[in-house]
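Structure, as C-alpha cells:
The values are calculated or read from the model by the stated rules, or taken from the named source; none is laboratory data. Please read these numbers as outputs of a predicted model, since none were measured by experiment. Note that each Cβ is placed from the backbone with ideal geometry, even for glycine, and that neighbours are counted across all protein chains shown. Keep in mind that these areas ignore ligands, DNA and RNA; they rest on the heavy atoms of the full protein, side chains included. Shrake-Rupley method; radii C 1.70, N 1.55, O 1.52, S 1.80 Å.
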Amino acid sequence: MTHNLKRILGYLGGFVLFFAPFALFQRAILFFLGRQDIANIHTLCLRIPIEHIISGKFLHMGIVSVISTIILLTVAFFFGPLFCGKLCPVGALPEYLSKLVPNSLKIEWAKYLPMTSLRAGFLLGFLIAPVFGGYLACSYCNYYVFDLFVNYIFWGYTVAFSGSLILTGILWFFIFGIFTKGGRGFCNLFCPVGALQSLLYVIAAKLGLNRELQINCKKCIGCGSCVKVCPMDAVQLMGKAAHISIYRCILCRECVNKCPAGAIFYARKARKTDEK
Ligand code: SF4
Ligand code: SF4
C-alpha cells in the first residue's frame with residue numbers, strides 16, 4: 001500500500017471513529033460506561049477539557065471528553081502528535097484540497113510570521129482565558145464547522161451558522177487552509193489540540209522519552225523536497241541541509257516518503273543527526 005493511500009485511509013478512519021453518524025470511538029467508550037448519550041463530535045470534544053487544564057475544571061467536563069483527552073495527551077507525550085498526522089480529518093481536508101490550488105495563490109506564512117512562537121502564544125492564551133472568565137473552545141471550533149459541512153454534503157442536514165462559525169470556516173478552510181502552503185495554517189496557528197500535543201511531545205523528547213524525526217546531515221543533499229511537501233511548513237533548509245522543527249511536525253511522514261536520499265530517520269534525540 002502506498003504512503004498516500006495509507007494516509008488517506010487513516011483520515012477516513014478518523015472520520016468514521018470520531019464523527020457522526022458513525023462516531024465509533026465515542027460509542028465504544030459509552031458502551032463500556034453503560035451510557036446512552038448521543039455519540040457525535042461534541043460528545044468527544046477535546047478542546048473543552050484542554051481549555052480547563054489551568055482553570056482546574058478539567059475533570060468536571062464530559063466523561064467521554066475527559067477520557068479521550070487523557071488518551072490523546074498520553075499518546076502525544078510518548079509517541080508524538082499522531083492524532084494530527086494520521087487521524088484528524090479536519091486538518092487533512094484543507095491539506096489535501098490545497099494541492100488543487102496553484103502554488104502562486106498560496107501564502108507561505110512562515111516567511112512573514114514566527115509560526116512556532118505564535119502557536120505557543122495562542123495555546124497559552126487559550127489555556128489562561130478561562131481563569132479570567134473567557135471561553136474560546138466553542139467560539140471558533142473548526143471540528144464543528146467540519147461536522148456541519150460534512151453533514152450538509154452527505155445528509156442535507158443544516159443549522160444556522162453563527163457569525164463566529166462562518167469566520168472560523170473562512171479562516172480554517174480558505175485563508176489558512178487551501179490558500180496556505182501545505183493547507184494546515186489553521187492547525188499551525190489556531191488549534192489548541194495540536195499545539196498541546198506538540199508541547200508534550202517536545203517535553204518528552206527533551207527528557208529522552210520518545211523518538212523524533214531527524215535528518216542525517218551527511219546523507220541530505222539539500223534538494224528541498226521535504227520543505228516543499230511538508231504540510232505544516234515544519235522543515236527549513238539551513239545551509240545545505242534540512243532541519244525539522246519538532247514544535248510543528250505532526251509525524252505525517254510526507255517528507256520521509258519524498259526524500260530521495262533516505263536522509264530522514266526516526267530516533268531518540270540522543271542520537272546525533274550525523275551519527276547515521
Ligand atoms: S516534517 Fe515531515 S513528518 Fe513532520 S509534518 Fe513535515 S512532512 Fe510531516
Ligand atoms: S528531501 Fe531529503 S535530501 Fe532533500 S533536503 Fe530534505 S532531507 Fe535533504
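Brief remarks on what is shown
- For the stretch 89-229: rounded, prolate or oblate by the Cα gyration tensor [a/c cutoff 1.5]: oblate
- Dipole magnitude for the stretch 1-117: computed about the Cα centre from +1 point charges on Lys and Arg Cβ and -1 point charges on Asp and Glu Cβ, it is near 180 debye.
- The distance linking the stretch 160-230 with the stretch 1-50 is 21 Å (Cα centroid to Cα centroid, whole angstrom).
- Pairs of Cα atoms nearer than 8 Å and 6+ residues apart set the relative contact order; for the stretch 120-276 it is 21 percent.
- Projecting the Cα atoms of VAL235, LEU44, LEU24 onto the charge dipole of the chain, computed from C-beta unit charges around the Cα centre, puts VAL235 farthest toward the positive end.
- Relative contact order (%) - criterion: Cα under 8 Å, at least six apart; region: the chain: 20
- Pairs of alpha carbons in the stretch 96-148 whose separation is greater than 17 Å (percent): 61
- For ALA28, net neighbour charge (Lys/Arg +1, Asp/Glu -1) across residues whose Cβ lies under 14 Å away: +1
- Calculated mean residue ellipticity, 222 nm, the chain: -13500 deg cm²/dmol, from DSSP H runs (n ≥ 4) at -39500 (n - 2.57) each, averaged per residue and rounded to 500.
- Each Cα pair under 8 Å and six or more residues apart adds its sequence gap; the mean of these over the residue count of the stretch 103-184 is a relative contact order of 39 percent.
- Taking a ≥ b ≥ c as the square roots of the eigenvalues of the Cα gyration tensor, the stretch 14-140 is oblate, since a/c reaches 1.5 or more and a/b is not larger than b/c.
- Of the residues ILE8, LEU199, ALA263, the one whose Cα sits farthest toward the positive end of the charge dipole of the chain, with +1 on the Cβ of Lys and Arg and -1 on the Cβ of Asp and Glu, is ALA263.
- Rough spin-label spacing in nm, given labels placed 7 Å along Cα→Cβ, for ASN103 and ILE67: 4.7
- Magnitude of the charge dipole for the stretch 78-227, about its Cα centre and with charges confined to Cβ atoms of Lys, Arg (+1) and Asp, Glu (-1), is about 560 debye.
- List SER98, SER104, SER164, ordered by accessible area with a 1.4 Å probe, largest first: SER104, SER164, SER98
- 3J(HN,Hα) couplings calculated from phi for the stretch 203-212 with the Karplus curve 6.51 cos²θ - 1.76 cosθ + 1.60 (θ = phi - 60°) are, in sequence order, 4, 5, 5, 5, 7, x, 9, 9, 9, 9 Hz; Gly and Pro show x.
- Accessible-area composition of the chain, carbon plus sulfur, in percent [1.4 Å probe]: 68
- FRET E, pair CYS223, ILE38, Förster distance 41 Å, beta-carbon r, rounded to 0.05: 0.25
- Think of the chain as having a plus end and a minus end, set by charges on the Cβ of Lys, Arg, Asp and Glu; of SER245, CYS141, PHE176, SER245 sits farthest toward the positive end of this dipole.
- Per residue, the chain exposes 50 Å² of solvent-accessible protein surface, assessed with a 1.4 angstrom probe and all protein chains in place.
- Rounded to the nearest 20, the size of the Cβ-charge dipole of the chain about its Cα centre is 1020 debye, with Lys and Arg at +1 and Asp and Glu at -1.
- Here the chain yields Rg over Rh of 0.96, to two decimals, using C-alpha coordinates and the Kirkwood radius.
- These residues, TRP109, TRP172, TRP155, go from largest to smallest accessible area, 1.4 Å probe, as TRP155, TRP109, TRP172.
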